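Have a look at the structure below before the remarks.
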Amino acid sequence: MHTESSILETCSDDAPYLCSLNSAQRAAVLTLDGPVLVLAGAGTGKTRVLTARLVHLLATGRAMPGQIMAVTFTNKAANEIRERVSAILGRSVEGWFLGTFHSLAARLLRKYAERIGLKPSFTILGEDDQLRLIKQLIEANNIDEKKSPARLVLSVIERWKDRGLLPEVVQDDDGNLADGKMPKIYKQYQARLLELNACDFGDLLLHQLTLLRNHPDILQDFHDRFKFLLVDEYQDTNVAQYLWLRLLAQGHKNICCVGDEDQSIYGWRGAEIGNILRFEEDFPGAHIVRLEENYRSTGHILGAASGVIANNSMRLGKTLWTKADMGEKVLVRSLWDGGAEARWVADEIEALQRRSASLSDIAVMVRAGFQTRLFEERFITLGIPYRVLVGARFYERQEIRDALAYLRIINSVDDDLAFERIINTPKRGVGPSALQQLHGFAKIEKISLNEAAARLAYTDELKPKLRQTMKDFTLLLARWRELLLSLPHTEVAQIVLDESGYTGMWQADKSPDAPARLDNLKELVSAMSAFENLPAFLEHVSLVLEATEQKGVPQVSLMTLHGSKGLEFDYVFLPGWEEEIFPSRMSLSENGARGLEEERRLAYVGLTRARKRAWISYVANRQMYGSWINALPSRFIAELPNEHTEHTSGIYGAGNVANNGWGGNEKRERIPSLWQQISAGQRGRVIEGKAKSIAAPRREGELNVGDRVVHEKFGAGTIRRIDHDKLEISFDKGGMKKVMRGFVRAG
């Protein structure tokens, strides 16, 4: 291991790329022999270290370009490193292995493809082709696709591949799926891929594992070829990637992994944090280098982030520090409801603009995609340009467009574009030829597609099954229109989504983004409650959609916390820090303590995106599932160190937009955390530094929205809506149910 003095002496005209590095960064660059783990905290110059290490290997002659394998998770990261190395060396570096896991695995696999039954010209299938193949196998095995959707079957196979499991060794994770034939389907799927001379992305690494385990000569060839391995974002590797790297490192053992366990936030897509935590066990004698000097954030921001992440147990430990000023404390703001929160954030952004801050230096980061709607609508109202990173704007998302099409067709029977969009969504067996037939008939008769379908349903023009489909669908549309005359439009919207099968379609979809789509649909219904009727809401949506994204001008960045990783901004707003939203209820229920720690890492990532200032906010009332609930502040707020935070409270908005405080003057003294009050049995709302009851005293046995109750059959749950003696309850294990008050007891 280099001493600090020897490291400092290496800065010279022969190695100018070392001069700008601090002592820890130089240690990471110069420790070339044996396994090295570089724990690179947020904003500590990770890319600079990776670049300098590659340059040093080449400049000193320790390795030729083709003897280094550098693995990244994105093409963007690979290109950035390639450009930096070429700029320092003053020449293009050709022939080296720098790229993503999949690109490098595919490149190496083509040379040995015949060893596993493929030709070097094999095709890599996309998701559409994968699903088509899975559907064929489901049908061939007489499996009901409605009970075992192709997408769910494929997701299980992909999970097995991410864990490096071959068909011969898998065990059925869910005996109910595919009638217990999942291992058989997996085996048939792999056989069919070989017949087609194809593989999917999971196979690229799975086949690599097979080659290296079963063919010692290939493993030796790789060991002879690659003298040095560099791995970026090691905390995000899955099991298959981890196993592949271990096999490659068995030769020279010169593997350098750069990562940050505190930024491991992709467990939901297979990332295994244990890979980085076990590094010293996997590679005995490994050198551990900690990069802790932060070049991005102020002292108060780092102090707040460090205070939160210190509560995690699954970490190797490091403490970020900076030579920069302490800056302003992280402001924690409590507000009345989501609308007030959006108004406050927008007003703070306008205040930053008045102080000459650029909108491109400002970001709003939410835990879940559905939270963007209120901010988008407020920005549009005020004319604040914004962009949504990692995904579409709220009203432009697929599931929202589909739901709006259903609402449009029941609002206007002649809306042919809406009818065409939803007639086969979800699938009803109405293909292109049937739709063409409808168009032809509608054109001849000069009627709408809806009326054409209604008429053809009672003729012999269509096949019997299709006639019944048209009849059922047009009757449903007519029924929903009738309901609008007697029921609130929000309730009708929920009925439409449920009875059409659209909600069920996404509930059956087991892709990672399906839960977020369902949350977006719930948010859509919540948004409707602010309007008197359906036409008024649809007119509002049309105006929002007309406000297109402005290109070429500074814009506020609106994104999820997952999408913020790797980015940085001068000013960061972190709204919605409430229990059930952040930490996510789903993450806690599915993953327990591991889920909580990953949620806390998300909080750490969000805070460390900020360079100059960070704002955190939470509300007392949140509209969710179409009902208002008493929101509880996130437990993470209580974990923020007092010396790095400033808490403010007050009603904001609700007809008092110009008034920032309860009594006209904003309160900025330190106040007790609501989470701490609740833990102490003081359930209430902070008003000018004191906990006051948010509701009037209740009578014994009275139930309110937000109360926890227990049902003999469905178990424990939370009341979401009360209609006289009818309760709508979100049960922890049974989902949303409607029950009578007499069948529950306070929990």
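What to note about this one:
- Top-ranked residue in segment 366-401 [being hydrophobic (A, V, I, L, M, F, W, C) and not in a helix (DSSP H, G or I); ranked as surrounded by the most Cβ atoms within 10 Å (Cβ to Cβ)]: 366
- Criterion (crowded, with 23+ Cβ neighbours inside 10 Å and under 22 Å from residue 114 (Cβ atoms)) met by exactly one of 205, 209, 194: 205
- Counted residues, segment 104-130 - those being crowded, with 16+ Cβ neighbours inside 10 Å and part of a helix (DSSP H, G or I): 8
- When residue 538 is tested against (1) open to solvent by 40 Å² or more (accessible area, probe 1.4 Å); (2) within 29 Å of residue 381 (Cβ to Cβ), only condition (1) is not met.
- Residue among 269, 278 that alone is basic (Lys, Arg), under 30 Å from residue 512 (Cα atoms) and either buried (at least 21 other Cβ atoms within 10 Å of the Cβ) or within 24 Å of the chain's Cα centre (by Cα) (or both): 269
- Selection status of residue 83, of a type in the set (D, E, K, R) and outside any helix (DSSP H, G or I): no
Listed here are the residues, each with its yes/no results for (1) assigned to a strand (DSSP E or B); (2) at negative phi; (3) touching a Ser or Thr at 6+ places or on another chain (Cβ under 6 Å); (4) open to solvent by less than 20 Å² (accessible area, probe 1.4 Å).
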{"residue": "311", "(1), (2), (3), (4)": "no, yes, no, no"}
{"residue": "314", "(1), (2), (3), (4)": "no, yes, no, no"}
{"residue": "323", "(1), (2), (3), (4)": "no, yes, no, no"}
{"residue": "332", "(1), (2), (3), (4)": "yes, yes, yes, yes"}
{"residue": "342", "(1), (2), (3), (4)": "no, yes, no, yes"}
{"residue": "346", "(1), (2), (3), (4)": "no, yes, no, yes"}
{"residue": "349", "(1), (2), (3), (4)": "no, yes, no, yes"}
{"residue": "352", "(1), (2), (3), (4)": "no, yes, no, yes"}
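- Output for segment 412-437, where each listed residue is among the basic types (Lys, Arg), part of a loop (DSSP other than H, G, I, E, B) and open to solvent by 90 Å² or more (accessible area, probe 1.4 Å): 427
- Options 404, 475; residue that is modelled with pLDDT of 90 or more, surrounded by fewer than 16 Cβ atoms within 10 Å (Cβ to Cβ) and part of a helix (DSSP H, G or I): 475
- Residue check for residue 457: among the aliphatic types (A, V, I, L, M) and surrounded by fewer than 15 Cβ atoms within 10 Å (Cβ to Cβ): no
- The strands (runs of 3 or more DSSP E) located wholly in segment 567-645 that include 2 or more residues which are open to solvent by less than 30 Å² (accessible area, probe 1.4 Å) and over 16 Å from residue 335 (Cα atoms) occupy 569-574, 610-624.
- Some residue of segment 239-249 being open to solvent by 10 Å² or more (accessible area, probe 1.4 Å), among the β-branched types (Val, Ile, Thr) and assigned to a helix (DSSP H, G or I): yes
The values are calculated or read from the model by the stated rules, or taken from the named source; none is laboratory data. In this text, all values refer to a predicted model and were calculated from it rather than measured experimentally. Glycine gets a Cβ as well: all are built from the backbone with ideal geometry, and neighbour counts include every protein chain shown. Protein only, heavy atoms only, side chains kept; ligands, DNA and RNA dropped before computing areas. Shrake-Rupley method; radii C 1.70, N 1.55, O 1.52, S 1.80 Å.
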